[in-house]
Amino acid sequence: HRPSRTEFGSRNVKMATDLGELLVPYMPTIRVPRTGDRVFKSECAFSYDSPESEGGLYVCMNSFLGFGREHVERHYRKTGQSVYMHLKRHVKEKATGAAGGAIPRRRNGKIFLDLELNRDFNGDGYEYEDEAKLVIFPDHFEIPLPNIEELPALVTIACDAVLNAPSPYKKQESDSWEEEIQVSRHARSLRQQENGVRIPPSGWKCAKCEMRENLWLNLTDGSVLCGKWFFDGSGGNGHALEHYKETNFPLAVKLDTITPDGADVYSFDEEEAVLDPHISEHLLHFGIDMLQMQRTENGHHTDNHVQPRVSDWEVIQEAGLKLKPVYGSGYTGIKNLGNSCYLSTTMQVLFSIPEFQRAYVGNLQRIFDYSPLDPTQDFNTQMAKLGRGLLSGQYSKPPMKSELIEQVMKEEYKQQQRGISPKMFKALASNGHPEFSSNRQQDAHEFLLHLINLVERNSSGSENPSDVFRFLVEERVQCCQTQNVRYSQRVDYFMQLPVPLEAASNREELIAYESKRKEAEENMRPPPEPVRARIPFTACLQAFTEPENVPDFWSSALQAKSAGVKTSRFASFPEYMVVQIKKFTFGLDWVPKKLDVSVDVPDFLDLNRLRATGLQAGEEELPDLTPPIVIPEDTRAPEIDESSVMQLAEMGFPLEACRKAVYYTGNMGAEMAFNWIIAHMEEPDFAEPLAVPTYMEPDLPSPSLPSTSALDNQPPEESISILTSMGFPRHHTIQALKATNNNLERALDWIFTHPDCEDESEAMSDTADTEPNDNSFSNANAHSDSSLSPDQDLSSPRVRDGPGRKCLPNTEYHFNFPRWLIYNDHKVCLSERPPKDLGYMYFYRRLSSC
């Protein structure tokens, strides 16, 4: 039975004569929040109801989860928990005095909930009164709070703790070790060597080993070295510390922590993390201009010297225009949580797609009914909650007619659009991610890719809505000397278009501007009005199709390194083509620069000429050979990092096993070798001496096995070693890396979501799983279902390639709509001048064909 609104709101309060006796059966279920417990007293776990909502919020006195009136009964039935604290905040406009101003409200104790004011209008013109009571289910006995005299001491303490609990999203700053960091005594007197060292913005590795993580830049001589290795597998090989012992250069900065706000600095001499007030000067000595690394509104860095005539932000906001607000289903805004525009824009677009609506909002009741005991930590629950919040219209209602009349009489207009605040969703989706869990601005493209990973990981056994973005790319690699070719396929989700500045239609105007800018700079005059480059979309598309050089290409036809080129085409076309304009680049000074360009993106997009064709008549395939692995003649024994061997041996592992672990992980450090040991310690030859051949013949193709891909298409051996050291079969890890474009995090997710691939014969070639043969390639092009083909191998990538079997898939896309909308945080309005030429990502929907 679900109580009606009348039962909840107007039922006379039922008071027991002896509250202590009434609560006795429920005492074991009432808890006092402990350190680490999160108390959700401002937001429902299944909706965006709050204490300010009409029905208030119910907080479970055992799990401290919050539930709106619509969902509290479900939690009671599922858990049997009977005691809830009901929180209600009453909001009303302040009375006005004779002078017309608001009468200031006295501090009368009516506000006692630690809640932020969840209102879009100015809180100074309104007053708030909070109400709390205990409610006992299923009979809905209500006990007003505070009631210290009549309640048991434990209940009183628990209620007080809940009412005063901080937000579950606030970090415990009092426990932060950062408060204890002191300024280093070396910071002011540090002498830096004039050795011409310049640190590039990417591609770092330790100067003494192959480590590419936990790297530290010595602030005296610019050496890049790895940090200390720890038992839990983190860290490096300790080369930064060794360098200090050899040179006594005391300060180092961790490379991946450098931001405009500072960086992590360690003093080897003081043996602790320290502060360096001169860090910007010390980094600039090596070409790192941290003060220029400032973010723009889109979540990217920009050069401070760019002065747009009318900022992109003003154009995108359609500043100066009176925009008409819209309300109802699909017109709900998302409040900005502080630099969270990247999340808002991504989620608004995703829930405008029918597949996402169906997967989460269409299955909402089933998702909610089968949610775990803590729904705040369940991805599907929070996606369904967000989707319903955006599509229900419940949080996007137009103002009442009486309110509009009152506003006209007062000659003021207040935006009443409430929107939703996705704090719970952001906390879950960004959990464990170093960037998205921060309050810094981020890239919407990177967040969408991160979200697709989460969707795939949580879609096992059910519809995966992200399949609408998935497509196959055919890569054709050609040896420039022999003209032989090889075809392979990989999965992708985005069409990334480069921006060829040399193709600007206003090139002469740009040249004149650059001349005036340099002249003004030389004469120390103000710079001229910047000129925005106008790039034809066709030029971007042409640049996308151009061949690119393959670095370190090994030709199996020559059995030697040679020049090679690669071209990419579409082996399938998705339901939605996401086009990203690559507007951002890095300068040598580490400052990411945004290209000030305008691209005339079309409403309709025909990609038919980019369809893959496969092996053509007259083309000769590269032989399926891999290069020989030769040990240099002057080195009979394998090169093994003895320092890593000793670190592992000190942990009690057999010496020979440690040597094998370090060798088979390519001297990548003790961390990788430790993972190898854990994965192989049960093998019978675990502790036997290492036996390494001095020469390995190239693998010859077996007539009984599918053809394999050559090494030029292999994922990096470093990535393969990392995954195989975790215990996964080599052929499975290569398949995963190929399917995810060599992204380690996504490859690991792919392995867990494709367990069937492990059952395939290990005798099969490492790369045959993803390398299509003639039949499979023909099927990929001939099948044109709008859903997955029933003939498709379960281990192959899930792609959609067209609406019907009797015609080729439609390759025409459009993103034009009957009307354009602008989602500006929680406000949603009709757009008057949509700035389509300044976009960053465009979502094209495929036109129906046949």
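Taking first residues from segment 205-218 that are within 18 Å of ALA263 (Cβ to Cβ) and partners that are among the β-branched types (Val, Ile, Thr), the Cβ contacts under 7 Å between residues at least 6 apart in sequence or on separate chains come to LEU215/VAL224; TRP216/VAL253; LEU217/ILE199; LEU217/VAL224; LEU217/VAL253. Scanning segment 549-589 for residues that are open to solvent by 30 Å² or more (accessible area, probe 1.4 Å), touching a Phe, Trp or Tyr at 6+ places or on another chain (Cβ under 9 Å) and aliphatic (A, V, I, L, M) gives ALA560, ALA563, VAL565. Of everything listed in (1) surrounded by 15 or more Cβ atoms within 10 Å (Cβ to Cβ); (2) modelled with pLDDT under 90, the single unmet condition for CYS159 is (2).
Where residues in segment 170-217 are under 24 Å from HIS285 (Cα atoms) and of a type in the set (Asp, Glu), which of them is modelled with the highest pLDDT? Residue satisfying both the conditions and the ranking: GLU194. If the condition is being part of a helix (DSSP H, G or I) and more than 23 Å from GLU717 (Cα to Cα), then segment 636-655 contributes MET646, GLN647, ALA649, LEU655. Among what's in segment 455-494 and is part of a helix (DSSP H, G or I) and of a type outside the set (A, V, I, L, M, F, W, C), pick the residue that is most open to solvent (accessible area, probe 1.4 Å). Ranking the qualifying residues of segment 455-494, first place goes to ARG457. Considering segment 247-276, and only residues there that are touching a strand residue (DSSP E or B) at 6+ places or on another chain (Cβ under 6 Å) and not aliphatic (A, V, I, L, M), the residue that is farthest from ASN195 (Cα to Cα) turns out to be PRO260. Step by step: first the residues of segment 1-33, then only those that are outside any helix (DSSP H, G or I), out of contact with any helix residue (DSSP H, G or I) (no Cβ under 9 Å at 6 or more places or on another chain) and open to solvent by 90 Å² or more (accessible area, probe 1.4 Å), then the one that is modelled with the lowest pLDDT. Which residue is that? Only one residue tops the list, namely ASN12. Selection of first residues in segment 669-684 that are in contact (Cβ under 8 Å) with a residue 60 or more places away in the chain and more than 16 Å from ILE720 (Cα to Cα) and of second residues that are open to solvent by less than 40 Å² (accessible area, probe 1.4 Å) and in a loop (DSSP other than H, G, I, E, B), restricted to Cβ pairs under 8 Å at least 6 apart or on distinct chains, gives the following pairs, ordered by first then second residue: ALA670/ASN237. Here ALA45 meets each of (1) open to solvent by 10 Å² or more (accessible area, probe 1.4 Å); (2) closer than 27 Å to GLY419 by Cα with one exception, condition (1). Just for segment 337-358: of the residues that are aliphatic (A, V, I, L, M) and open to solvent by 10 Å² or more (accessible area, probe 1.4 Å), which one is farthest from MET841 (Cα to Cα)? Top of the filtered list is LEU337. Only one entry of GLU546, GLU521, GLU508 meets the criterion of being under 36 Å from the mean Cα position of the chain (by Cα) and open to solvent by 80 Å² or more (accessible area, probe 1.4 Å), and that entry is GLU546. Within the set of pairs 6+ apart or on separate chains, which have a first residue in segment 455-478 that is closer than 30 Å to LYS566 by Cβ, a second that is among the acidic types (Asp, Glu), and C-beta atoms under 7 Å apart? Hits for this filter: GLU456/ASP749; ASN464/GLU456; SER466/GLU456; VAL468/GLU355; VAL468/GLU575; PHE471/ASP492; VAL473/ASP492; VAL477/ASP712.
The values are calculated or read from the model by the stated rules, or taken from the named source; none is laboratory data. Please read these numbers as outputs of a predicted model, since none were measured by experiment. Virtual Cβ from ideal backbone geometry, glycine too; neighbours counted across all protein chains shown. Please note that ligands, DNA and RNA were not included when accessible areas were found on the heavy atoms of the full protein model with its side chains. Shrake-Rupley method; radii C 1.70, N 1.55, O 1.52, S 1.80 Å.
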